[in-house]
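Trainee: Please see the structure below; I have some questions.
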Amino acid sequence: MSSHITSPDAPFPTPLSATTTHPAPPFLITTRKLPILKSGPIDALSARLGIPIPEMIFGDNLVSITHAPTGWSLSFSAEPALALVDATGANMLRVAHATSWSSSREASGTVAEVVRAYDWSYSTSYKGTEIPVELLRRRDPILFHDEVVLYESELDDNGISLVSVKVRVMERRMLLLCRQYMRLDEVLARVRDTRVYVDFGEERVVREYTAREGGWGELKRALMMTGVPPDGIPVALRDSNQVAALIPVVETYRDSVCFKKAA
């Protein structure tokens, strides 16, 4: 779903008008979708974080889950996600990826200077017990759903780095997916997923983080082994679900919290 204003005559939305709250007692699920930040807030955000900001930054967008009786809340927004991007260049693996692209571009004579002292792929380990997947496969009616983009960059036309949050609420439970899909063409692909499962009756929240990463050659070969023809690979690489199914898991993390006291 887009956070853009679709008509020049449309009034600029306020945070209040752009916010939707769905009650799922004892929880509240809130989403807010506003347009891309203007230059002033972008400059201020860049100064706070110490890195250039992605081309499409939805800095006012928000997804949150609140346990009303206690005030406990888990939220997802752009600034804390970008705050986990390496701003120092100390992570040599990430720098090597940027350098790989830089070297190929310099060899072609198309770029004069592309050295960057930060992780310009905007990769973030943002996380915002096992999730009971079998319950989520049930075809319960969906009472509320939304998708909120936090930021997106086309990496100077060399791929994509996109972070978005999807939420789906049923009568007894909900699932949130915060996904980063980062594809640096001819180098690698990353998919970093944070899934949050909430059981309303048990008042239990489970968070699961999974990071996947695969090299370009291995990914292309895996796609062709699934039947994708060579000329269909560029289209297949736009599908983060298809890519995630083919690249290995490199990190997992799980935690949970239960608010309901045992009888």
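The values are calculated or read from the model by the stated rules, or taken from the named source; none is laboratory data. Note that the structure is predicted; figures quoted are calculated from it, not measured. In this analysis, Cβ positions are derived from the backbone assuming ideal geometry, glycine residues included, and neighbour counts consider all displayed protein chains.
Trainee: Does any residue of region 65-86 turn out to be more than 29 Å from P15 (Cα to Cα), assigned to a loop (DSSP other than H, G, I, E, B) and at pLDDT 50 or above?
Mentor: Yes, there is a match, as at least one residue in region 65-86 is more than 29 Å from P15 (Cα to Cα), assigned to a loop (DSSP other than H, G, I, E, B) and at pLDDT 50 or above.
Trainee: (1) surrounded by fewer than 22 Cβ atoms within 10 Å (Cβ to Cβ); (2) closer than 18 Å to S75 by Cα; (3) not basic (K, R): which one isn't true of V196, the others all being true?
Mentor: If we test V196 against (1) surrounded by fewer than 22 Cβ atoms within 10 Å (Cβ to Cβ); (2) closer than 18 Å to S75 by Cα; (3) not basic (K, R), just (1) comes out false.
Trainee: Taking G109, is it at pLDDT below 95, exposed (fewer than 13 other Cβ atoms within 10 Å of the Cβ) and within 30 Å of E202 (Cβ to Cβ)?
Mentor: no
Trainee: Okay, moving on. In region 44-91, which residues are over 20 Å from L162 (Cα atoms), surrounded by fewer than 20 Cβ atoms within 10 Å (Cβ to Cβ) and either hydrophobic (A, V, I, L, M, F, W, C) or in contact with a Leu (Cβ under 6 Å, 6 or more places away or on another chain) (or both)?
Mentor: A44, A47, T66, A68, W72, L74, A90, listed by residue number.
Trainee: Restricting region 1-34 to residues that are of a type outside the set (A, V, I, L, M), surrounded by fewer than 16 Cβ atoms within 10 Å (Cβ to Cβ) and within 25 Å of G159 (Cα to Cα), which is modelled with the lowest pLDDT?
Mentor: Within region 1-34, the match that is modelled with the lowest pLDDT is S2.
Trainee: Turning to a different aspect of this structure: For region 162-212, give me the residue count where each residue is within 20 Å of V250 (Cβ to Cβ) and either aromatic (F, W, Y) or touching a Pro at 6+ places or on another chain (Cβ under 7 Å) (or both).
Mentor: Residues flagged as within 20 Å of V250 (Cβ to Cβ) and either aromatic (F, W, Y) or touching a Pro at 6+ places or on another chain (Cβ under 7 Å) (or both) within region 162-212 amount to 3.
Trainee: Here's another thing I want to ask about it. For region 154-164, name all the residues that are within 24 Å of S64 (Cβ to Cβ) and polar (S, T, N, Q).
Mentor: Within region 154-164, S161, S164 qualify.
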